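*Asks:* Pasting a structure below so you can have a look.
Read-outs throughout are calculated quantities, based only on the coordinates presented, and are distinct from any laboratory measurement. Model, not experiment: these values are computed from the prediction. So basically every Cβ, Gly included, is an ideal-geometry build from the backbone, and we count neighbours across all protein chains shown.
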Amino acid sequence: MIFNIQKCSIHDGNGLRTLVFFKGCPLRCPWCANPESQSYTADIGEYPNKCIGCGLCRDRCPQNAIAADGHINRQFCLEECKNCTDICYAEAKRNIGKDYTIEELYKEIKKDKIFYDIKGGGVTFSGGEPLTHGKYLKEIAEVCQKNRINVCIESCGYSKFEEFKDALPFIDEMFMDIKLIDSQKHKEIIGAGNELILENIRKISEYGIPITIRTPVVPGYTDEPENIAGIAEFISTLPTVKEYELLAYHNLGESKYAALGKEYLLKGVKPPSDEDMIKLVKLANSILNKYGKKCFYMKDNKKEEGTKC
Ligand code: SF4
Ligand code: SF4
């Protein structure tokens, strides 16, 4: 199940990318900017500013779960019935998530092949967690590779190795997250320890796929210098990890939580300052540069490595 296909991205792999977002993630990061990616089944999104007040959704709801103002009471909603999203032509209630066959998805990806061929680029499978869809991922990545389309994966790394190992021969590059190096904190904040993630990163690197490691810098959660230094130490000796990217927290996904009837737990958390980001980048580089690797964060579409500060 795919919940979004986004064209013309320039930040998630080389060149111009088509991003394909898989639905379903085994982790629960409280700062997640794509909460619609978390469940493995289709969600119902509510967008009240589009509602024209026709009342058709209320008439069709078998549960009387829709209030006079059009708002769904999720406690009573059956979710899988989808009568309201089927009837709402204003798209004020929408299904998030659609099943694609391999043929259907490839048809979408290949629409931009001319751009990949001329300018470089390809497809990036993101999510959600694409590695938990190992068999499907292998099939679509294989079709792309056969057609000379570069394949990149964005992953949180939390999936059994057996689940996705057959896809590895068809992957050109990976972006993998390490959010917290302390497994206990990882479990408390995200819902699972990090052992499986670190082990997968090690195995994928030994397999030979180039990897960029990423850490979202979230004030009060992942921004302690010990955390960034610990992650830099871990990746310093991995053979195919060349770069470490710090991603400054943002709250752009907050409105999506309301659309899903979910609570945004990081209300009031402010993005880290440039100064804080530079300090962390410098700290990581003090460890990584000795191994020929570098850390950076993106500022104004440029890689900032802290050297000028
Ligand atoms: S069917 Fe759509 S437009 Fe009509 S009341 Fe329901 S949400 Fe609003
Ligand atoms: S999906 Fe939920 S809110 Fe929508 S019609 Fe069905 S029960 Fe009612």
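*Asks:* So what J values fall out for region 102-111 if you push phi through Karplus, 6.51 cos²θ - 1.76 cosθ + 1.60 with θ = phi - 60°, rounded to Hz, Gly and Pro as x?
*Replies:* 4, 4, 5, 5, 4, 4, 5, 5, 6, 4
*Asks:* I've got another one for you. Based on the mean of other Cβ atoms within 10 Å per residue, sort peptides 232-243, 212-223 so the most packed one is first. Walk me through the intermediate numbers first.
*Replies:* On the way: 232-243: 17.9, 212-223: 20.7.
Packing order, densest peptide first, comes out as 212-223, 232-243.
*Asks:* Quick check on my link table: of 119/262; 110/282; 185/282; 7/303; 165/267; 111/185, which ones sit more than 32 Å apart, alpha carbon to alpha carbon? Numbers along the way, then the final one.
*Replies:* Values: 119/262 40 Å; 110/282 40 Å; 185/282 24 Å; 7/303 22 Å; 165/267 38 Å; 111/185 43 Å.
From 119/262; 110/282; 185/282; 7/303; 165/267; 111/185, over 32 Å: 119/262; 110/282; 165/267; 111/185.
*Asks:* If you don't mind, another one. Counting other beta carbons within 10 Å of each residue's own, what order do 46, 163 fall into, fewest first? Don't skip to the end; give the middle numbers.
*Replies:* On the way: 46 22, 163 15.
The fewest-first ordering by Cβ neighbours comes to 163, 46.
*Asks:* Moving on. Considering only DSSP beta bridges where both residues belong to the chain, give the percentage that are antiparallel (nearest 5).
*Replies:* Of the beta bridges lying entirely in the chain, close to 35 percent run antiparallel.
*Asks:* Short version: ³J(HN,Hα) in whole Hz for each residue of region 262-268, in order, from phi by Karplus 6.51 cos²θ - 1.76 cosθ + 1.60 (θ = phi - 60°), x for Gly and Pro, what are they?
*Replies:* So the Karplus estimates, Gly and Pro as x, are 10, 8, 8, 7, 9, 3, x Hz.
*Asks:* Report, ordered by chain and residue number, the aspartates and glutamates lying within cross-link reach of residue 294, taken as a straight Cα distance under 15 Å and ignoring same-chain residues fewer than 8 apart.
*Replies:* Excluding near neighbours in sequence, the set is 233, 243, 245, 304, 305.
*Asks:* Going through region 63-157, which trypsin sites (Lys or Arg not before Pro) have at most 10 other Cβ atoms within 10 Å and a DSSP loop state?
*Replies:* Working: sites: 74, 82, 93, 94, 98, 107, 110, 111, 113, 119, 135, 138, 146, 148; in loops: 74, 82, 111, 148.
Filter output for region 63-157: 148.
*Asks:* Next question. Skipping prolines and chain starts, which residues have an amide H placed within reach, meaning under 5 Å, of the one on residue 223, given they are 5 or more residues away or on another chain?
*Replies:* 218
*Asks:* If you don't mind, another one. Under a 5 Å amide H to amide H cut-off, with H placed in plane at 1.01 Å, what residues pair with residue 4 once short-range neighbours are removed?
*Replies:* 21
*Asks:* Taking amide H positions as placed 1.01 Å from N in the peptide plane, with prolines and chain starts having none, which residues 5 or more places from residue 175, or on another chain, fall under 5 Å of its amide H?
*Replies:* When sequence neighbours closer than 5 places are left aside, the close amide H contacts are 153, 154, 155, 212.
*Asks:* Please list, short to long, the whole-number percent of alpha-carbon pairs of the chain in consecutive 20 angstrom bins beginning at zero.
*Replies:* Computed distribution, short to long bins: 30, 56, 14, 0.
*Asks:* While we're on this one: Could you work out [θ]222 nm for the chain from helices alone, using -39500 (n - 2.57) per DSSP H run of at least four and dividing by all its residues? Round to the nearest 500 deg cm²/dmol. Mind dumping the intermediate values first?
*Replies:* Values: 11 runs with 97 residues, N = 309.
When only DSSP H runs of four or more count, the value is -9000 deg cm²/dmol.
*Asks:* Rule-of-thumb check for region 43-96: C-alpha Rg over 2.2 N^0.38 Å? Could the numbers behind the result be given before it?
*Replies:* Details: Rg = 9.5 Å, N = 54, 2.2 N^0.38 = 10.0 Å.
Scaled against compact globular proteins, the figure is 0.95.
*Asks:* Moving to a separate point now. Charges at C-beta only: +1 for Lys and Arg, -1 for Asp and Glu. How large is the resulting dipole of the chain about its Cα centre, in Debye rounded to 20?
*Replies:* Numbers: 43 positive and 45 negative charges, 109 e Å.
For the chain, the charge dipole is close to 520 debye.
*Asks:* Right, something else. In whole angstrom, how far apart do the alpha carbon centroids of region 208-281 and region 106-123 sit?
*Replies:* Between the Cα centre of region 208-281 and that of region 106-123, the gap is 29 Å.
*Asks:* Okay, moving on. Counting other Cβ atoms within 10 Å, which GluC sites (Glu not before Pro) in region 68-157 have at most 14 and lie in a DSSP loop?
*Replies:* Listed in order of number, the matching sites are 79, 80, 91.
*Asks:* I'd like the Karplus ³J(HN,Hα) series for region 22-35: coefficients 6.51, -1.76, 1.60, θ = phi - 60°, whole numbers in Hz, and an x wherever there's a Gly or Pro.
*Replies:* Couplings: 6, 9, x, 9, x, 9, 9, 6, x, 9, 3, 8, 10, x Hz.
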